[in-house]
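To start, the structure itself, in structure tokens.
Read-outs throughout are calculated quantities, based only on the coordinates presented, and are distinct from any laboratory measurement. Computed from a predicted model, the values in this text were never measured in an experiment. Heads up, the Cβs are rebuilt from the backbone with ideal geometry, glycines too, and the neighbour counts pull from every protein chain shown.
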Amino acid sequence: MIRNFKRRSIQFLFSALLLIGISACNKDISLSLDNSRDESIGLVPIDTFQVNTSTYLLDDVPTSGTGMILAGKISNTTTGSVLSTSYMRMAIDNIIAGSIPTAAKYDSITFVLKPNKYFYGDTTKTQTLSVHQLTQQITLKEVSTGSGTNELPYYVNGAAVYNNQKFTYETTALGSLSFKPFVKKLDSIAIRLNDNLGNTLFSYIKDGHGNIASNDNFNEYFKGIALVPGNNNTAMIGFKDTVSMQVHYNYINDEGFKVSKSTSFNLGNKAYQFNNVEADRSGTAFNTLSVTNPELKSTTTNGDVFLEGSTGAVVKLTFPTLLDLVNDPTVAINKVELVIETENKYRNSFFIPPARVVLMIANAGGNPVSIVTTPVFLQQQGQQDPVQYGYLAGGDEFGANAKYTFNMIEYVNNIKKDSYFNTSLFLSVPQSSLFATTDRLIIAKDANNKPRIKLNILYTKF
């Protein structure tokens, strides 16, 4: 009875104090009360914890073998422009030497792509794509295993081709196409290629030439294709990796009718298909962002920070005073949430914010070595994926920002471990988007030009 009376008294006292606090100030504070204890309880109002933010550029983002052929260009005044050129090898597949009838005549050659419904940017304008023949073999890059601050990113697990790699190609295009990318309706696009190439391949198949005797022979002769966007393009377009280079021909059959047929060179080894993604930040606050200068603090970019798929741009977060609270023996932390805001206007723009984001844990060398996971108790309840995602939520047409929220209680409980010493968090699009899209998130700013990212903590003070 006495204990219950004490609990009710504390609850009443807390309500009164909370009302007084709300009336007295407008500070964004967190209060904590654990009324299940008999000990004296301290009500500790605290400011939301300090978060230091930067835009950080990851080195060597693998973009090969993702299943996404990404070609296009996007631009905006805050972060600059991004251009993606897709490279790939072709293969003879089921082409059989001598399979074309002797009397057949060459008609044309086309490069056929099928949109995969991914797009980013303004698709209301005409886009141009050009097909160029490679003059250099596509090769995989092996990143040597490191340790300590040179530890490999957790997502690098073998030889690959990376976003910053390029291979030479003929300056004159084999063919090009300008089109309106109605990507939700468009089934395929066909780019007419140079007839000199078409006639040569037609003759090789018809005559059983050695250059098509094997994939190795063919790749030595025809090293591959670069799919290059026009400089005035306004959107990124995603295509399936089921491209084909179709040689069309016709002949008169035994009944005297004209028969039209084609034979196809299809995408070769998918490990050699990748997207080279280049950013041009000139004229923006991020002009100096590069692999050699990978970090720009928000205080030097007018408070702007952003993340972006395929270019390797992420938002770096550090909490300089958090460890002091965690190590305080008189404090029990009950709840921790990280809240990231973005202006709602982007949800109705050509550059829609990503539906979800993740937090990577980076070592002192700036290499992501792990990822923030869903708290174990939630995983055990079968509620969520082991990887924790922040989902886009809220926001309205009246000016309220949209938000991403993370449950950080497990991360905060872990930061006392030696393995977390001198680490930081990288806010990023999920791995599949980091390697294959240009999805971008620009963080909202407050009236003081500070990024609207808050670490809110509820705790008990003994």
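Descriptive notes on the structure:
- Computed [θ] at 222 nm, deg cm²/dmol, the chain (DSSP H ≥ 4; -39,500 (n - 2.57); rounded to nearest 500): -4000 deg cm²/dmol
- Look at THR342, THR172 and count the other Cβ atoms within 10 Å of each Cβ; fewest to most, that gives THR172, THR342.
- Theoretical FRET efficiency, 1/(1+(r/R0)^6), r = Cβ-Cβ of ALA393 and ALA332, R0 35 Å, to 0.05: 0.75
- Segment 407-427 residues near the modelled LEU323 label - backbone nitrogen below 17 Å, point 7 Å along Cα→Cβ: 411-426
- Part-to-part distance (alpha-carbon centres) for segment 275-352 and segment 207-267, which is given in Å: 43 Å
- Once both labels are positioned 7 Å from their Cα atoms along Cα-to-Cβ, the gap between VAL376 and THR126 label points is 6.2 nm.
- Whole-angstrom gap from segment 405-425 to segment 102-158, using each part's C-alpha centre: 37 Å
- Once the Cα atoms are used to define both axes, helix 2-24 deviates from the longest principal axis of the chain by about 70 degrees.
- A straight chain from SER349 to VAL259 at 0.36 nm per residue would run longer than the Cα-Cα distance by 27.5 nm.
- Exposure proxy ranking, count of Cβ atoms within 10 Å, fewest first, for TYR411, TYR221: TYR221, TYR411
- Value of relative contact order over the chain, rounded to a whole percent, pairs C-alpha under 8 Å and six or more apart: 26 percent
- Partners for LYS345 among lysines (Cα-Cα distance below 17 Å; same-chain residues under 8 apart left out): LYS403, LYS445
- Taking a straight Cα-Cα cut-off under 22 Å and skipping sequence neighbours fewer than 8 places away in the same chain, the lysines within cross-link reach of LYS461 are LYS6, LYS27, LYS335, LYS416.
- Helix axis angle, 195-207 relative to the chain longest principal axis, alpha carbon, degrees: 70 degrees
- Residues of type aspartates and glutamates that LYS185 reaches as a straight line, Cα spacing below 20 Å, ignoring anything fewer than 8 places off in the same chain: ASP122, ASP241
- Put in order of Cβ neighbour count within 10 Å, fewest first, the listed residues ASP195, ASP324, ASP418 become ASP418, ASP324, ASP195.
- Relative pair counts by distance (%), Cα atoms of segment 68-278, 5 Å bins: 1, 7, 13, 17, 17, 14, 12, 8, 5, 3, 1, 1, 0, 0, 0
- Largest first, the extents of the alpha carbon coordinates of the chain on the three principal axes equal 105, 48, 46 Å.
- Between LEU152 and GLU295, the contour length at 0.36 nm per residue exceeds the Cα-Cα span by 49.6 nm.
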